[in-house]
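Below is one structure; the comments refer to it alone.
No lab work stands behind these numbers, since they all come straight from the coordinates. Bear in mind the structure is a predicted one, so any value in this text is a computation, not a measurement. Ideal geometry is used to build each Cβ from the backbone, glycine not excepted, and the neighbour counts take in all protein chains shown.
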Amino acid sequence: MTEAAKPIRVALLGCGTVGTQIVRLLTEQADDLAARVGAPVELAGIAVRRANKPRPGVPAELLTTDAAGLVTRDDVDVVVEVIGGIEPTRDWLLTALKAGKSVVTANKALLAEHAGDLFAAADATGADLYFEAAVAGAIPLLRPLRESMAGDRITRVMGIVNGTTNFILSAMDETGAGYAEALDEASRLGYAEADPTADVEGYDAASKAAILASIAFHTRVTAGQVHREGITGVTAADVAAARALGRTIKLLAICERVEAGGDRPGEAVAVRVHPAMIPRSHPLAGVNGAFNAVFVEADAAGQLMFYGQGAGGAPTASAVLGDLVAVARNRVVGGRGPRESAYADLPVRPIAQAATRYHISLDVADRAGVLAAVAAVFAQHEVSIAAVRQEGRSSDASLVIVTHSAPDAALRSTVDKIAGLPFVHDVVSVMRVEGEEL
Ligand code: NDP
Ligand code: HSE
């Protein structure tokens, strides 16, 4: 670094869980960061909502409630956004990019809906847009997909990308607790937010899946195109049924390259978030608590697995700082990071056409002809049965059926029909199955 290296000036938007840790790391590691970047990295200002909130370790003179004013300041080179939400952050980041300032953000909700606008604004001025922290916290995942694997053909990305729901499902599996009890425990320990809707209903994971699919398949995918099922319907009975089969239940984000199907030739992209039973021998089954892990399959690389802390102030700040160093280096040398790659523009296939395997658990009357009648409904809907297990309990029986891959729509019709049969007392559990064939 030369003596005269011009500092890279950073506007930080947000100083909460993640922002506070960014300020700490920027302060504590100032010398190392300057050496790595080739210029000092300085905070120019920090935008917050509440000016008077005590913030130990945060320089009070840098605080402002005028985020819009901060992002347009002439002395700002890079805007780091850790506020969250769509508006007004979208507007502020577009303004910054249009003014030629590079942007680093951890905002998955924004990226999953508006990546196109943001990249277009970045392209217009040659600014950088980096967002490693938006998916899987500290885990380096987007940069490997975007850069290290740019020469390969990715076929599948599957993983656990939400720590809160993984904590809840792990607790249900370990203790036999019901969903509500496990959610209470997650809230008590500070994993679940006051309003856990985005996590437990799968919205957070759907945003992350959209971002992963967009990068992996060079196709713009938005959160609204992701089939989403949360974990609120997962019961202790589902978890027990999985355990009886040597399986466990995880909320999975699955992004796949598939055949377009119907009249359309060629490939498509299918992206879904839902709970699924996976074998206990699967590497994702051992990912417990609030950890995240993602499997990537590619033609030449084969299988890769990424694992680590998917949330938390310091782990997320680590990913943000990595991006900040990258964009600051680009500024120092006069270069630019990768632009959006959406050239493949593959169609996004709806879930109704996607085929997965299912586990169905029924309470039925234990008498002659019941199994045959249930099997006939599966046959009528062209859903092929892979395995059946029946356990008698006096006049009732528990019937467990595992299917071969079947389209979602066919399975739903099958279950609806079965639920209406007079000798079916209860549809106890319907759960997708991922992993090897049973
Ligand atoms: P917090 O709620 O802890 O912090 C949000 C910050 O934004 C606060 O400092 C708040 O100000 C500020 N803020 C809110 N509204 C405004 C506004 N209108 N103008 C100016 N400042 C505002 O959020 P997190 O730090 O947890 O998350 C930040 C981002 O990082 C989100 O996009 C989140 O999805 C993402 N992320 C978070 C992870 C985590 O583990 N927490 C993990 C990965 C990504 P004030 O302090 O005054 O309230
Ligand atoms: N709420 C998210 C989770 C934070 O539980 O994983 C990280 O994006």
Discussion item. Run the count for the stretch 1-155, please: Lys pairs, Cα-Cα under 27 angstrom, 8 or more apart or on different chains.
Written reply: 4
Worksheet, complete the sentence: By the Cα gyration tensor axes a ≥ b ≥ c (a/c under 1.5 gives rounded; else a/b larger than b/c gives prolate, otherwise oblate), the shape of the stretch 250-367 is oblate
Worksheet item: What spacing in nm lies between the two simple spin-label points modelled at THR17 and ALA35, each 7 Å away from Cα in the Cβ direction?
Response: 3.3
Worksheet item: Sorting THR27, THR165, THR232 on the 10 Å Cβ count, fewest up front, what's the list?
Response: THR27, THR232, THR165
Response to the item:
For the stretch 377-438, shape from the Cα gyration tensor axes a ≥ b ≥ c, cut at a/c of 1.5 then a/b versus b/c, turns out oblate
Discussion item. Quick one: 3J(HN,Hα) in Hz for the stretch 102-113, Karplus 6.51/-1.76/1.60 with θ = phi - 60°, rounded, Gly and Pro as x.
Written reply: 6, 10, 10, 9, 9, 8, 5, 4, 5, 4, 6, 10
Item to complete: Assuming a ≥ b ≥ c are the square roots of the Cα gyration tensor eigenvalues, decide whether the stretch 8-145 counts as rounded (a/c under 1.5), prolate (otherwise, with a/b larger than b/c) or oblate.
Response: rounded
Item to complete: Enumerate by residue number the trypsin sites (Lys or Arg not before Pro) in the stretch 120-156 meeting two conditions: DSSP loop (anything except H, G, I, E, B), and at most 14 other Cβ atoms within 10 Å of the site's Cβ.
Response: ARG153
Discussion item. Can you work out the Karplus-derived ³J(HN,Hα) for every residue in the stretch 120-134? Use 6.51 cos²θ - 1.76 cosθ + 1.60 with θ = phi - 60°, whole Hz, and x for glycine or proline.
Written reply: 4, 5, 5, 4, 4, 10, x, 7, 8, 9, 10, 8, 3, 5, 5
Worksheet entry | Separation of the ALA365 and ARG188 label points, Cα + 7 Å toward Cβ, nm | 4.4
Worksheet item: Helix-derived [θ] at 222 nm for the chain: sum -39500 (n - 2.57) over DSSP H runs of at least 4, divide by residue count, nearest 500?
Response: -10500 deg cm²/dmol
Discussion item. Using Cβ contacts closer than 10 Å as the measure, can you line up ARG24, ARG49 from fewest to most?
Written reply: ARG49, ARG24
Discussion item. Contact order normalised by length for the chain, with contacts defined as Cα pairs under 8 Å and 6 or more residues apart; what percent is it?
Written reply: 16
Worksheet item: Rg(Cα) of the chain divided by 2.2 N^0.38 Å?
Response: 1.10
Worksheet entry | Of ALA34, VAL58, GLY14, farthest towards positive along the dipole that unit charges on Lys, Arg, Asp, Glu beta carbons give the stretch 1-59 | GLY14
Worksheet item: VAL333 versus ASP91, label points 7 Å from Cα toward the beta carbon: distance in nm?
Response: 3.8
Worksheet item: Hey, got a sec? Which chymotrypsin sites (Phe, Trp or Tyr not before Pro) in the stretch 294-369 land in a DSSP loop and have at most 12 other Cβ atoms within 10 Å?
Response: TYR343
Item to complete: May I ask you to evaluate 6.51 cos²θ - 1.76 cosθ + 1.60, the Karplus curve with θ = phi - 60°, for each residue of the stretch 261-278 and list the ³J(HN,Hα) values in order in whole Hz, giving x for glycine and proline?
Response: x, x, 8, 8, x, x, 9, 9, 10, 10, 10, 9, 10, 6, x, 8, 7, 10
Worksheet item: In degrees between 0 and 90, to the nearest 10, how far off the longest principal axis of the chain does helix 89-98 point, with axes built from Cα atoms?
Response: 50
Practice prompt. Take peptides 334-341, 425-432, 252-259 and line them up by average Cβ neighbours within 10 Å, highest first, as a rough protection proxy.
Written response: 252-259, 425-432, 334-341
Worksheet entry | Of the GluC sites (Glu not before Pro) in the stretch 155-220, those whose Cβ has at most 16 other Cβ within 10 Å and which sit in DSSP loop | GLU193
Item to complete: Have a look at the DSSP beta bridges in the chain and tell me what percent are antiparallel, nearest 5.
Response: 70
